[in-house]
Amino acid sequence: MEWFRKKTRDLAAGEKKDIPDGVWTKCKGCGEIITVISLKKNYWTCPKCDYHFRITSADYINLILDDGRLEEYDANMTSADPLVFRDTKRYMDRIAEARKKTGVNDAVICGIGKIDGREVSFAVMEFAFIGGSMGSVVGEKVARAIERSLQRKIPLIIISCSGGARMMEGVFSLMQLAKTSALLARLDKMKIPFISILTNPTTAGVMASYASLGDVIIAEPQALLGFAGPRVIAQTIGGELPPGFQSSEFFLEHGFLDSIVHRSKMRKAVITLLDYLAGPK
Amino acid sequence: MKEQDYLDFERPILELDRKIKEMRDLASAENLELSKEIELLERRRNRLRAEVYSKLTRWQRVQLARHPLRPYSLDIIQLAFTDFFELHGDRRFADDKAMIGGFAKLDEHRVMVIGQQKGRDTKQRQYRNFGMCHPEGYRKALRLMKVAEKFGLPIVIFIDTPGAYPGVGAEERGQAEAIARNIMEMAAIEVPIICFIIGEGASGGALGIGVGDRVYMLENSWYTVISPEGCAAILWKAEAGADPAKLEARRRQAAEALKLTASDNAAFEIIDKVVPEPPGGAHMDYEGTARIIKGELIQALNELKMLSPEELCNKRLEKYRVIGVYNE
């Protein structure tokens with residue numbers, strides 16, 4: 001068990017690829033030139049167009065949990081290589097690189113934390129780790145996070161950020177959809193609340209399992225959400241995709257999202273929802 | 001079998017089949033007694049076929065799973081079941097032709113049978129959308145499962161899909177939600193569920209009707225997280241438009257790396273059984289294939305009917321709970 005701890009809710013810029021360093025930067029959403037300081041103050045969202053720059057799992061812990069504190073579980077769980085998989089690189093080399101780059105052992109961080117004094121089982125995905133992909137480790141850690149909710153009868157919060165199942169573990173990755181969803185059926189039966197938070201991107205195997213199964217599902221604005229990747233769909237239909245296709249706003253419009261919540265209001269939204277779902281403290 | 005239906009690796013078999021046919025034609029045209037010679041050739045052909053089929057590569061098995069003459073769900077239902085009464089629609093949006101289902105009998109067992117359906121000719125292939133379901137297909141399957149649960153009928157599922165359909169309408173109607181919902185609900189359905197992968201078992205498209213108490217695979221079917229084509233495109237950047245020989249090589253490589261065959265899945269303890277196909281593959285003998293499948297289904301139904309709903313659900317959850325390989 002390890003402790004994550006950050007002093008303030010001010011999100012520090014680490015070595016995040018998505019986050020600019022320097023004084024000025026161009027917004028990826030609207031192209032406006034903005035100061036990095038104003039971005040940072042604004043939770044790494046563009047003050048002009050609300051484009052949400054990608055932040056790390058540690059940033060979300062800091063953003064959502066009381067005092068930015070997470071009592072982390074299963075931190076040392078690491079990927080095995082059941083297929084002895086090799087494409088242009090060996091899978092185990094990819095894992096080693098990802099660990100070095102991100103400082104975390106796989107694509108999800110799980111544990112127990114508090115939100116406005118209320119204990120929750122919390123999981124947050126790390127996109128920088130092989131695209132936030134779900135293999136055996138992510139599946140097992142999420143499964144245990146659900147079990148902690150079941151055992152302690154505390155709400156479950158999962159922040160997803162993932163391109164889907166991890167190809168390099170083949171059918172084992174696919175089975176993690178079944179493992180996590182089957183446990184969520186239990187949680188559902190026990191009437192323990194599950195809030196699913198979607199960030200950019202949440203697609204494929206993660207979207208087709210726990211991310212879609214929240215009692216309440218909320219997303220950051222302009223996130224890419226969907227089952228198939230936009231490139232695959234464009235190839236299938238042999239043409240251009242409609243503007244805004246597979247965005248948070250598209251998901252909301254088609255009835256697959258409860259609400260779009262700006263990052264600066266995410267913690268408050270979760271507190272409000274927990275009050276309704278889990279009762280007054 | 002027509003000559004164009006032989007796969008590349010079946011060329012030597014085709015050569016012998018041609019000779020056998022020539023000999024037969026000759027015998028009947030000239031009224032010659034050649035039965036000994038023909039029998040000899042046939043035996044040689046069978047030996048050769050057994051040899052070729054005993055050392056198929058993973059990519060060759062993928063070809064067999066996609067064989068244009070491979071028996072599809074409705075072929076097996078017609079041959080192995082009786083009194084099939086087809087049910088249509090998801091009661092939400094539409095009737096997905098790539099997902100079929102209905103009441104049927106397996107000897108004395110009354111069941112709900114559900115399956116993905118491919119088409120045989122160009123028109124049928126389009127009608128069945130190449131076995132690629134939309135969300136309404138998954139919702140139709142779930143609706144039928146709920147009917148089965150309500151009336152105590154076991155559920156038999158045939159899986160055969162190159163993937164859930166990746167299209168605009170499918171996304172608009174929540175392909176991911178439909179699959180996620182099915183996976184979750186299937187974990188808690190209080191009647192036996194037997195899943196049989198008879199051809200292609202591609203990723204979420206397969207798993208969306210693939211959570212069961214027993215999961216069987218026909219010998220020459222495949223099941224994994226992505227198609228070899230998809231995997232080659234993403235990891236090797238090998239996409240249509242590239243040099244065809246290179247593209248084929250990458251896909252072959254992806255199939256090998258993914259370890260996607262029935263015996264791979266059995267070795268990984270993901271499935272319960274590899275079910276052997278008749279000599280030369282399921283497409284050579286529909287009746288034989290249906291008979292083998294029927295036998296397996298009846299045995300499984302008899303075993304599963306001994307379990308209470310609670311035992312069924314607990315065991316099913318446990319079955320999936322333990323899947324995964326990791327260090328800690």
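Going by the structure shown, is A:Gly164 at positive phi and either buried (at least 24 other Cβ atoms within 10 Å of the Cβ) or under 15 Å from the mean Cα position of the chain (by Cα) (or both)? So A:Gly164 fits the description; yes.
Scanning the range B:32-49 for residues that are assigned to a helix (DSSP H, G or I), of a type in the set (A, V, I, L, M) and open to solvent by less than 60 Å² (accessible area, probe 1.4 Å) gives B:Ile38, B:Leu41, B:Leu48. If B:Asn182 satisfies all but one of (1) among the polar types (S, T, N, Q); (2) more than 7 Å from chain A (Cβ to nearest Cβ); (3) more than 30 Å from B:Phe151 (Cα to Cα), what's the number of the condition it fails? Single failed check for B:Asn182: (3). Among the residues making up the range B:288-328, a single one is in a helix (DSSP H, G or I), closer than 30 Å to A:Val142 by Cβ, away from every other protein chain (no Cβ under 14 Å) and open to solvent by less than 60 Å² (accessible area, probe 1.4 Å): B:Leu304.
Does B:Asp75 fit the bill of being over 16 Å from B:Leu218 (Cα atoms) and open to solvent by less than 70 Å² (accessible area, probe 1.4 Å)? So B:Asp75 does not fit the description; no.
Of the residues screened, A:Cys46 is one that is buried (at least 16 other Cβ atoms within 10 Å of the Cβ) and free of Cβ contacts under 8 Å to residues at least 24 places away in the same chain. Taking the range A:216-239 as the range and being within 19 Å of A:His254 (Cβ to Cβ) and in a loop (DSSP other than H, G, I, E, B) as the test, the residues that pass are A:Glu220, A:Pro221, A:Gln222, A:Ala223, A:Phe227, A:Ala228, A:Gly229. Of all residues in the range A:99-122, those that are open to solvent by 10 Å² or more (accessible area, probe 1.4 Å) and not in a strand (DSSP E or B) total 9. Output yes when any residue across the range A:176-192 is over 24 Å from A:Leu65 (Cα atoms), within 9 Å of chain B (Cβ to nearest Cβ) and surrounded by fewer than 18 Cβ atoms within 10 Å (Cβ to Cβ), and no when none is. Looking for residues that are over 24 Å from A:Leu65 (Cα atoms), within 9 Å of chain B (Cβ to nearest Cβ) and surrounded by fewer than 18 Cβ atoms within 10 Å (Cβ to Cβ), one finds at least one in the range A:176-192, hence yes.
For the range A:211-240, filtering for residues that are more than 7 Å from every other protein chain (Cβ to nearest Cβ) and either more than 22 Å from A:Thr272 (Cα to Cα) or open to solvent by less than 30 Å² (accessible area, probe 1.4 Å) (or both) leaves 20.
Yes/no matrix, rows are residues, columns are (1) within 15 Å of B:Ile198 (Cβ to Cβ); (2) within 13 Å of the chain's Cα centre (by Cα):
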{"residue": "B:Ser35", "(1), (2)": "no, no"}
{"residue": "B:Gln63", "(1), (2)": "no, yes"}
{"residue": "B:Pro71", "(1), (2)": "yes, yes"}
{"residue": "B:Phe84", "(1), (2)": "no, no"}
{"residue": "B:Lys97", "(1), (2)": "no, no"}
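Scanning the range A:246-261 for residues that are more than 7 Å from chain B (Cβ to nearest Cβ), outside any helix (DSSP H, G or I) and touching a strand residue (DSSP E or B) at 6+ places or on another chain (Cβ under 9 Å) gives A:Ser247, A:Leu257, A:Asp258, A:Ser259, A:Ile260, A:Val261.
Residues of the range A:123-140 being within 14 Å of chain B (Cβ to nearest Cβ) and outside any loop (DSSP other than H, G, I, E, B), which ones? A:Ile130, A:Gly131, A:Met134, A:Ser136, A:Val137, A:Val138, A:Gly139, A:Glu140, listed by residue number.
Residue count for the range B:244-257 under the criterion of being buried (at least 18 other Cβ atoms within 10 Å of the Cβ), without any contact (Cβ under 8 Å) to a residue 60 or more places away in the chain and either over 16 Å from A:Met167 (Cα atoms) or within 20 Å of the chain's Cα centre (by Cα) (or both): the result is 2.
The values are calculated or read from the model by the stated rules, or taken from the named source; none is laboratory data. What you see is a predicted model, and the numbers here were worked out from it, not measured in a lab. Positions of Cβ are generated from backbone atoms using ideal geometry, with glycine treated the same way; all protein chains shown enter the neighbour counts. Protein only, heavy atoms only, side chains kept; ligands, DNA and RNA dropped before computing areas. Shrake-Rupley method; radii C 1.70, N 1.55, O 1.52, S 1.80 Å.
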